[in-house]
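The block underneath contains the structure these notes are about, expressed in structure tokens.
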Amino acid sequence: MEQEVARLIVDSLNLEEVSPEDIEPEAPLFREGLGLDSIDALELALAISRAYGVQIRSDDENNRQIFASLRALTAHIEAHRSTS
Amino acid sequence: MRDSNTPALLADHSTPLAWVAGRGVSRAAFLADVRALGQRIPAGGAHFNLCENRYRFTVAFAAILLRGGTNILPPNRARQTLSEIAERHPGAHALVDEPDLPIRMPVIPVTEDGTRPARDSAIPAIPADQLAIHAYTSGSTGHPTAHSRRWDSLHIVTQQALQRFGLDADGGTLVGTVPAQHMYGLESTVLYALLGPCTLLADRPFFPDDIRRALVDHAPANLVTTPFHLDACLRAGLAWPRAARVLSATAPLERERAQSAETLFGTTVREIYGCTEAGAIASRETARESLWTVYDGIRLTTLDSDQVAVQGPQHPMPVPLPDRIELEDAQHFRMCGRLADQLNIAGKRASLTELNRRLNAIPGVRDGVFIPPDPERTGGTARLAAIVVAPERSEAEILTALAETTDPLFLPRPLIRVDTLPRSATGKVPRQVLLDLLDQHSQCA
């Protein structure tokens with residue numbers, strides 16, 4: 001699952017420099033980590049909603065934590081994805 | 001009758017000024033917050049208004065005015081940008097509602113949330129010629145540039161816009177996705193409420209589902225947004241409530257996208273033309289109109305340089321516009337593109353010359369150029385790339401140094417290091433040569 005989300009990040013953000021295996025599960029995705037910014041957050045939220053039916057919201061209690069790392073993001077998606 | 005030389009700080013309406021955490025904050029309760037915060041701000045001078053929460057921004061904005069001061073609105077929060085601006089305003093304090101200020105300066109925390117009891121007190125007046133804002137752009141001359149606006153000029157443009165969009169008649173909630181520090185955000189998500197009958201939303205919805213929920217909670221609301229966010233809403237696959245109006249600015253909106261947005265939100269989409277230098281000056285109904293119609297009282301003239309300048313009752317002097325404009329008549333114009341040096345990424349503007357200057361000012365960078373994105377490119381948001389000669393610096397070091405002065409949206413992706421840039425005799429590098437270098441690089445990666 002983590003690799004699947006890593007692939008989603010790389011594909012939806014056109015990160016030509018990065019391969020999914022390169023994303024450290026615990027490293028920050030934004031700023032000093034992968035260097036993502038607010039445009040990427042929105043693009044990623046759209047991709048996550050298409051792939052998993054999970055809507056990301058600003059007022060989610062742990063919004064900063066959701067995008068904190070690949071592992072945190074994967075955990076959030078798993079906890080909220082529509083049961084199918 | 002109020003003296004026109006002292007326009008009111010606040011329009012007297014029965015509608016709430018703001019929604020804060022679902023509660024309506026009356027104009028009297030807002031005024032109580034403004035007076036209380038004002039007691040903590042030094043009189044006069046200019047102060048940074050960095051509040052993220054739109055209600056707190058508006059309380060800070062009004063409190064600074066009430067104390068005879070000017071709001072400093074920076075173009076971004078990069079450390080060096082803030083410190084360069086701060087150097088020009090000795091004694092400036094920063095009004096903040098988040099703790100992470102990247103530079104050291106005296107701070108005034110803003111915690112007002114509209115819960116103070118309203119007292120029956122008269123609405124204060126502010127001198128017409130008091131400078132209300134110094135709106136900074138990142139500039140093209142090496143330093144941030146201030147565009148200062150008098151209090152009466154903000155009054156005038158707000159009345160022009162309220163009338164143009166019919167907001168003076170029915171007001172409604174402003175669901176804004178743009179920051180209040182941006183000129184468009186200030187005018188359309190703060191001043192329409194402060195100086196008109198609208199009600200602002202303290203939160204800044206960002207993700208499509210945030211926007212949808214705000215529009216549901218306050219239906220029918222006015223969505224004040226950008227092509228970037230409209231595009232996200234169109235792609236989100238959500239069920240949307242009807243909006244009262246949709247306003248868009250910061251970057252050109254394509255006609256097809258305006259038409260789709262009209263279907264999605266069941267209302268007219270109006271695009272606003274403006275810039276930090278002159279504020280908002282014109283609008284169009286993009287789904288049906290390609291010509292822009294200026295606000296009442298605005299005139300356009302062509303300068304000797306062929307550049308077009310705007311002048312209205314809010315502009316003491318004609319203001320040159322940063323775009324290529326073709327005049328149809330004195331009230332209508334066509335926008336034919338930006339001046340060559342101007343870049344626009346997701347609605348934020350920057351000067352290519354200035355970005356190149358900053359890149360080459362980084363110690364260890366011997367040569368470097370930014371490459372603007374292909375205008376024909378489709379899908380996703382286009383990014384800048386950069387090619388740099390810097391044998392002793394890593395990509396990460398260069399990016400960190402750039403981030404000191406530059407909004408994150410303009411950081412290059414990719415940043416490529418090469419041994420030398422193939423400059424021509426005139427010192428230029430042809431765009432095709434740069435694109436070839438980029439191509440080679442992506443094949444190697």
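The values are calculated or read from the model by the stated rules, or taken from the named source; none is laboratory data. Keep in mind it's a predicted model, so treat the numbers as computed, not measured. Cβ placement follows ideal geometry from the backbone for every residue including glycine, while neighbour counts extend to all protein chains displayed.
So here's what we get for this one:
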| item | result |
| --- | --- |
| Residue match in the stretch B:179-191 (condition: crowded, with 20+ Cβ neighbours inside 10 Å, within 18 Å of B:Ala249 (Cα to Cα) and within 14 Å of chain A (Cβ to nearest Cβ)) | yes |
| Residue check, B:Leu355 under 29 Å from the mean Cα position of the chain (by Cα) and of a type outside the set (Phe, Trp, Tyr) | yes |
| From the options B:Arg270, B:Arg257, B:Arg242, residue that is charged (D, E, K, R) and over 23 Å from the mean Cα position of the chain (by Cα) | B:Arg242 |
| Every residue from the stretch B:134-168 that is among the β-branched types (Val, Ile, Thr), within 22 Å of B:Pro197 (Cα to Cα) and either touching a helix residue (DSSP H, G or I) at 6+ places or on another chain (Cβ under 8 Å) or outside the structural domain of B:Tyr184 (by TED's automatic domain parsing) (or both) | B:Val157, B:Thr158 |
| Of all residues making up the stretch B:258-289, the number that are buried (at least 19 other Cβ atoms within 10 Å of the Cβ) and among the charged types (D, E, K, R) | 3 |
| Residue list for the stretch B:194-230, filter: within 14 Å of another protein chain (Cβ to nearest Cβ) and under 18 Å from the mean Cα position of the chain (by Cα) | B:Leu201, B:Ala202, B:Asp203, B:Arg204, B:Pro205, B:Phe206, B:Thr225, B:Thr226, B:Pro227, B:Phe228, B:His229, B:Leu230 |
| Some residue of the stretch B:132-144 being modelled with pLDDT of 95 or more and either within 20 Å of B:Leu230 (Cβ to Cβ) or part of a loop (DSSP other than H, G, I, E, B) (or both) | no |
| Residues satisfying the stated conditions in the stretch A:38-84, i.e. part of a loop (DSSP other than H, G, I, E, B), modelled with pLDDT of 80 or more and more than 13 Å from B:Asp209 (Cα to Cα) | A:Phe67, A:Ala68, A:Arg81 |
| Filter pass, B:Thr301 being of a type in the set (S, T, N, Q) and crowded, with 20+ Cβ neighbours inside 10 Å | no |
| Entirely in the stretch B:326-445, the helices (runs of 4 or more DSSP H) that have 3 or more residues that are away from chain A (no Cβ under 13 Å) and either at positive phi or touching a residue at least 40 places away in the same chain (Cβ under 8 Å) (or both) | B:352-360, B:431-444 |
| Those strands (runs of 3 or more DSSP E) lying entirely in the stretch B:13-78 with at least 3 residues surrounded by 23 or more Cβ atoms within 10 Å (Cβ to Cβ) | B:18-20, B:46-49, B:70-73 |
| Residue ID - nearest to the other protein chains (Cβ to nearest Cβ), chosen from residues in the stretch B:231-250 that are assigned to a loop (DSSP other than H, G, I, E, B) and touching a strand residue (DSSP E or B) at 6+ places or on another chain (Cβ under 8 Å) | B:Thr250 |
| Tally of residues being modelled with pLDDT of 95 or more, over 19 Å from B:Arg245 (Cα atoms) and not in a loop (DSSP other than H, G, I, E, B) across the stretch B:275-293 | 0 |
| Residues (assigned to a loop (DSSP other than H, G, I, E, B), within 14 Å of another protein chain (Cβ to nearest Cβ) and surrounded by fewer than 18 Cβ atoms within 10 Å (Cβ to Cβ)) located in the stretch A:4-31 | A:Asn14, A:Glu16, A:Glu17, A:Val18, A:Ser19, A:Ala27, A:Arg31 |
